[in-house]
Every structure is written in structure tokens, then in C-alpha cells.
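Bear in mind that the values in this text are calculations on the coordinates, not laboratory data. All values reported here derive from a predicted model rather than from experimental measurement. For neighbour counting, all protein chains shown are included, and Cβ atoms are generated from backbone atoms with ideal geometry for every residue, glycine included.
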Amino acid sequence: MREKNISMERKKYLKKVTRNRVTVILTQIFVLIAFIATWEICANANIIDSFITSQPSRILNTFMNLSQNGLLEHIGVTCFETIIGFLSGTVLGIIIAIILWWSKFLSKVSEPFLVVLNSLPKVALGPVIIIWVGAGMPAIIVMALSISLIVTILEILNGFLNTDKEKIKMVKTFGASKLQILTKIVIPANISTFINSLKVNIGLSLVGVISGEFLVSKAGLGYLIVYGGQVFQLDLVMTSVIILSLVAAIMYESVVLLEKLITKTHIMN
Amino acid sequence: MSTIHEVLKISNISKIYQAKNGEVEALKNINLTVNEGEFVSIIGPSGCGKSTLLSIIAGLEEKTSGKIYINKEEIVGVSRKIGYMLQKDSLLEWRNIYQNIMIGLEIQGIKNKENEAYVDELLKKYNIYEFKNKFPSQLSGGMRQRVALIRTLAIRPQILLLDEAFSALDYQTRMLVIKDVYQILKNENKTVLMVTHDLSEAISMADRVVVLSNRPSHIKTIHDIEFDMENRDPMNCRENPKFSKYYENLWKELDINA
């Protein structure tokens, strides 16, 4: 802080803040360890059936043989599909939102369709997608796209339409064209909308990819989970689920990192 | 002073709004001229369409009939000869002060050496130069309004339209900003047409006050405001005995019934 001689009160306050934070983190770690330990002990003592519940040591074992049992490849496939679905959903969503912002007529016409499509559970389209684009990776990517696209369009369009009218009026007084209004006001004013939609999208794309893999795939974490369930290999199922949550966390954190980078360079110097 | 040069001429402006439940006649046959270097203020009962009139002159709204001339040339749509200052400063928080001021020049595609030098001169003259790399959120409300004014002046408008430009500010800041803006405008010898609902604001700044009637509004009267004092500014003229006389007259003229 700026002042060198901090008052006692301030010191006490700062200490309390740090202590609170540390306590929360320690408790979180403790809960996790306690859960894993109980699981392991119960499985070893035959209180729970590890054939049905698996157990931490076996999960760890499966995890360790990552390279031999092809897990790595499955992770790669899922990540690839998610990123492609995510990127295409975001880019396509932004483009369509821009078109709908540009033309009031189109946005009015498409409104009821978008609302219906938005509330439709996209997984129901699974069989249709498989028939249309074939069983395989394209179907999975289309599935991810269908889940994230509509939400992206609605969220970004909403952000665009809620851009400060006074700012738009201000550039209009200088004679700004529609394209200039878009590039000089609407897009830069909606950076936080874009980032929010990225955050939502990364999760949705993963949902799309996993449900797609449940339906059609020959590879990927979703495939492993279904396969493991069918052959009663709960070790494989549990390991896949844990890896999946790690993948989701890493992807989300990368978006958060991107957000920090953008806000740093874009909004404040 | 040689001959009087008329900068803005509005001739027979009328505006009829089409609404779902019928037509609304907002403006009826408005005729007005504003001469070079003159400060004209428009007042009127609320909802009478004074802001509509400014929007029409600025080309942001369509007029139903009538013509607008700037320096004897008819203008249609948004004209580059007009600068428009709004109630909110609308500074863009993702641009620094300098980039904010440049936006008009950017949009009109006239960001050249000459205009940049002119902006630099304005920045230095009005003590913004040292803030030019700061962001709007780091400036006070009064300072932001000054930046908004410089942004409008940067495109070298022939006439400035002020639309309730000070009403978003709190009382003390408003007093200071009014004085500040007035001095800058006089300094740059700008021609100004200002809309306000604040009588004392109108009297303290204007050379002429135009009173509009209720809807459909037409020009009721035009009052010349003269204080016969040296170095008139919006602060000191409030103490002039003529001020309250003008206020009383205009208040009667407005004919507001609560």
C-alpha cells in the first residue's frame, strides 16, 4: 500500500482477511482428502463394493497407465471436438448476431424461431444430426455447435441491442455510418458480453461433445464413459469423469485468463 | 463589426409524428435565423418539442416540411458543418481522452496533420493536454463535459447545438461547467443554438432567448438579452438587476400551469 506506517486497525483487518482466505482453502483441501480417504478405506474394508463404485487407488492406477490404455488419445479427441465446436459456435453466433442487429426486419422475423430453438433440448436432435451428417466426428461437432449457437446468438444480440443509445447518438451526430456505429461503438462496448458468452459456450460445447460421443463415437471421453459402463469397468468410467472435470476446469480457466488479458489491454492501460 | 452574417436559417419547419393512435403535431412553422458569433437559446414548456427541433437541425430526425440553410446553403441529413453536444458526455470508456476527442475526425475521415494540430492546440489552450492519455473514468464530471465540448469543436463546426448539455450535472458542477463552456465558446467565437428547460441558464448565456409555445409549438416571442456590462459571464450577470427582470418576463411568457 501507499502509506508506510499502517495503523494497528488496518493491520488487524488485513490479517483477518488473509486468515479467512487460508481457512477456506484449507477446509476445501481437507474435505477433498477426507472424501477420497473414506472412499478408499470403505472399499478396502469391503463396506462398499469397489466393483460398482471403483476406488481411488484403482482410478489412480488407470490414470498412471494413461499412455498405454489409449486414454491420452481419447482426451485429445474430446478436446479437439470441443474446441472446434466452441470456436465455430462462437464465430458463427457472433456473425449471425451482427446480421440480426443490422436488420431489424430479420431479427423480428427470427425472434419466435430463436426462442423455440433455444428452449428445445438439443440432444433430441441427435438422431437427426446423425442421419444428416453421418455417424462420426462431424455429428459430434454439429451437436456441440447446436447447443452453443442459439445461446450465443441470443446473448450477443441482446448485448448489441442494449448498447448505450446516447453513445450511438453521439457518433451519429458526426455522421457515422451503420458500419462505423458497429465497429466504433457496438463491438467495443460489448467486449464483456463476448467474454461472458465465451465462458458459457465452453461449458455448453463440452456438454454437446459428450452427449454426441454418447450417441455415435468410437473415441473420446464420452465414448469411454459409455463403453466403461457397458462392460462394467467402473475404474474407466470414474477416471474419465475426473479427467473430464479437469478438462472443463482448464478450458474455463483459459477463458478467464483471456478475459484478464483483454481487459488489461482494451479497457484500462 | 462589419455586416451581419447569418449562419443558420430555419425556414417553415414543421414536424408531424405518426403514432399508432393518430398524428401528433409537434412543430408548426418555425422560422429562425442565428447570426455569426451569436448565442441563441430556446426555451419552452416541457414536451413542447424543443429537443426535436435540434434533432431536426442536426439531421437525426426527419422533418415533415421546411428547409434548413447553413451559410445560405440548404442542408439535408447530418451535416458536417454542425456540432451537436448532448446531455450526457458519452465519452467512450475504452478510449483515452485523446482518442475520444479524435472520434469525430475519425468518423468523417479527416484525421490529417492539420486537424491533429488543431486538436493539440485546443487541448493545450483548455488544459486538457496533460490528461490526454488518461481514461474517462479518471476525470471529474466537469472535466468530462469539457472533453465532450472539445470533441465537438474538433470537427470545426460552423454552428454548435447544445441539447440540455448541462442538466445531467449536479448544481455546483453545473455552474462551473456553464461558465467554462461559455468562455471557451466565446473565445473560439462560435455560433451557438442551445435548448434548455432552465430559464436562468438561458438568460445567463444567451444573446437572444426564443420562447416556444405548447404543442403544436411555434415561436411565441424572441427576447434580446443585454446586460451592458464588460466581461459578461454566466456567473456575474446573475447579479445584474436586469437578470430578475428577464426571468420574470420569460416566466410569464412560458405560461406554465401546474
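Summary table
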{"quantity": "Qualifying trypsin sites (Lys or Arg not before Pro) for the stretch A:159-260 [loop in DSSP, other Cβ within 10 Å: at most 15]", "calculated": "A:218"}
{"quantity": "Span from the the stretch A:91-110 Cα centroid across to the the stretch A:1-62 one, whole angstrom", "calculated": "47"}
{"quantity": "Gain on full stretching of the segment that runs from residue B:228 to residue B:129 - 0.36 nm per residue minus C-alpha separation", "calculated": "32.1 nm"}
{"quantity": "Hz values of 3J(HN,Hα) by residue in the stretch A:181-195 - Karplus curve (6.51, -1.76, 1.60), Gly and Pro given as x", "calculated": "4, 5, 7, 8, 10, 4, 5, x, 6, 10, 3, 5, 4, 4, 5"}
{"quantity": "Antiparallel DSSP beta bridges within the stretch B:6-254, as percent of all bridges there, nearest 5", "calculated": "55"}
{"quantity": "Filtered chymotrypsin sites (Phe, Trp or Tyr not before Pro), the stretch A:202-261: DSSP coil and at most 14 other beta carbons within 10 Å", "calculated": "A:232"}
{"quantity": "All Cα pairs of chain B, percent lying beyond 22 Å", "calculated": "57"}
{"quantity": "Helix-only [θ]222 nm of chain A, DSSP H runs n ≥ 4, -39500 (n - 2.57) each, per residue, nearest 500", "calculated": "-26500 deg cm²/dmol"}
{"quantity": "Shielding by partners - mean other protein chain Cβ count within 10 Å, residues of A:160-173", "calculated": "5"}
{"quantity": "Mean separation of Cα contacts under 8 Å (6+ apart) over length of chain A, as relative contact order %", "calculated": "25"}
{"quantity": "The stretch A:1-146 - percent relative contact order, Cα under 8 Å, separation 6 or more", "calculated": "21"}
{"quantity": "41 Å tail of the calculated P(r), the protein assembly as shown, as % of Cα pairs", "calculated": "46"}
{"quantity": "Listed residues A:120, A:145, A:204, most fluctuating in chain A (Gaussian network, C-alpha, under 10 Å)", "calculated": "A:120"}
{"quantity": "Computed over chain B: relative contact order in percent, which uses C-alpha pairs under 8 Å that are six or more apart", "calculated": "26"}
{"quantity": "Selected from A:91, A:151, A:142 as most flexible by GNM, with chain A as the system and alpha-carbon contacts under 10 Å", "calculated": "A:91"}
{"quantity": "Residues A:77, A:255 arranged by fewest to most Cβ contacts within 10 Å", "calculated": "A:255, A:77"}
{"quantity": "Distance violations [Cα-Cα > 28 Å] among B:63/B:252; A:184/B:132; B:67/B:252; B:63/B:190; B:179/B:252; A:260/B:125", "calculated": "B:63/B:252; B:67/B:252; A:260/B:125"}
{"quantity": "Neighbouring partner chain Cβ atoms per residue of B:99-110, average, 10 Å criterion", "calculated": "3"}
